[in-house]
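Once you've had a glance at the structure underneath, I'll fire off some questions.
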Amino acid sequence: MPSIESFPTKRGTVRFTEEYVYFQESFSGYLKSLYRDYWQRGTWWSSSALVAYAFAFPIGVWWVLSAVRDGNFLHIAAVGGLMLVLWGVNFARGFRSPDRIRLDTIEQVSATDGIKGLTRPRLVVRYTDGGTTYKRRVNLPSLYTSGGETVYEQAQEAFTERGF
């Protein structure tokens, strides 16, 4: 019987059952993980990072509203177009975001430990659905958080215990 039943992600939690792996990720899960990973750590720089995250969203909304008010639709179209192109490239590369994947359809799980200050640790789960191979990216907590490296090891171990 596997010892690790769940582990936290950047936006929520991954949970295992006998047949499935569930990805419980949401905007509220993202906010909870930011609070858990940055504010509760108790250092001045991690609390500052949370405050920066908190201000980034309202500043982005303000930028969009001011661009609409001033008639600068070109900026909005450029940013929206870039986001659409990046999403399309990911889609063409086979990345999907299902809420659950059957364990018997998983072909491979690869892990990338990330570079502190540049990228996050992450897993890529390769699975088949209807004869087609897809990938599911799972972003883990930052290496700057108190449990970032431990969560990365837990995630690897959770899939290793299940034969991946």
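Among the residues of the stretch 98-131 satisfying the criterion of being in contact (Cβ under 8 Å) with a residue 60 or more places away in the chain and open to solvent by 60 Å² or more (accessible area, probe 1.4 Å), which is farthest from Val151 (Cα to Cα)?
Checked the stretch 98-131; the qualifying residue farthest from Val151 (Cα to Cα) is Asp104.
Being closer than 17 Å to Val151 by Cβ, out of contact with any Ser or Thr (no Cβ under 7 Å at 6 or more places or on another chain) and open to solvent by 70 Å² or more (accessible area, probe 1.4 Å) narrows it down to one of Gln24, Gln40, so name that one.
Only one candidate passes the filter, namely Gln40.
Just to be sure, is Glu18 of a type outside the set (A, V, I, L, M) and surrounded by 14 or more Cβ atoms within 10 Å (Cβ to Cβ)?
no
Six or more apart or on different chains, Cβ atoms under 8 Å: show the pairs whose first residue is in the stretch 28-45 and charged (D, E, K, R) and whose second is open to solvent by 50 Å² or more (accessible area, probe 1.4 Å).
Asp37/Ser146; Arg41/Ser146
Residues to consider are Gly60, Gly88, Gly94, Gly80; find the one that is on the phi > 0 side of the Ramachandran plot and either out of contact with any Gly (no Cβ under 7 Å at 6 or more places or on another chain) or of a type in the set (D, E, K, R) (or both).
Matching residue, one of Gly60, Gly88, Gly94, Gly80: Gly94.
Still on this model: Of the numbered conditions (1) part of a loop (DSSP other than H, G, I, E, B); (2) in contact (Cβ under 8 Å) with a residue 40 or more places away in the chain, Gln156 fails exactly one; give the number of that condition.
Failed condition: (1).
Can you name every residue in the stretch 95-117 that is modelled with pLDDT under 90 and touching a helix residue (DSSP H, G or I) at 6+ places or on another chain (Cβ under 7 Å)?
The one that is modelled with pLDDT under 90 and touching a helix residue (DSSP H, G or I) at 6+ places or on another chain (Cβ under 7 Å): Asp113.
For Tyr53, state whether it is over 20 Å from Asp113 (Cβ atoms) and crowded, with 16+ Cβ neighbours inside 10 Å.
When the stated conditions are applied, Tyr53 does not pass them.
Search the stretch 65-94 for residues that are modelled with pLDDT of 85 or more and pair each with any residue that is open to solvent by 70 Å² or more (accessible area, probe 1.4 Å) when their beta-carbon atoms are under 7 Å apart and the residues are at least 6 apart or on different chains.
Within 7 Å, no pair qualifies.
Sort out which residues of the stretch 132-150 are of a type in the set (Val, Ile, Thr), more than 13 Å from the chain's Cα centre (by Cα) and open to solvent by less than 30 Å² (accessible area, probe 1.4 Å), and write them in order of number.
Within the stretch 132-150, just Thr145 meets the criteria.
The values are calculated or read from the model by the stated rules, or taken from the named source; none is laboratory data. For clarity, every value in this text was computed on a predicted model and none was experimentally measured. Neighbour counts run over all protein chains shown; Cβ positions are idealised from the backbone, glycine included. With ligands, DNA and RNA removed, areas are computed over all heavy atoms of the protein, side chains included. Shrake-Rupley method; radii C 1.70, N 1.55, O 1.52, S 1.80 Å.
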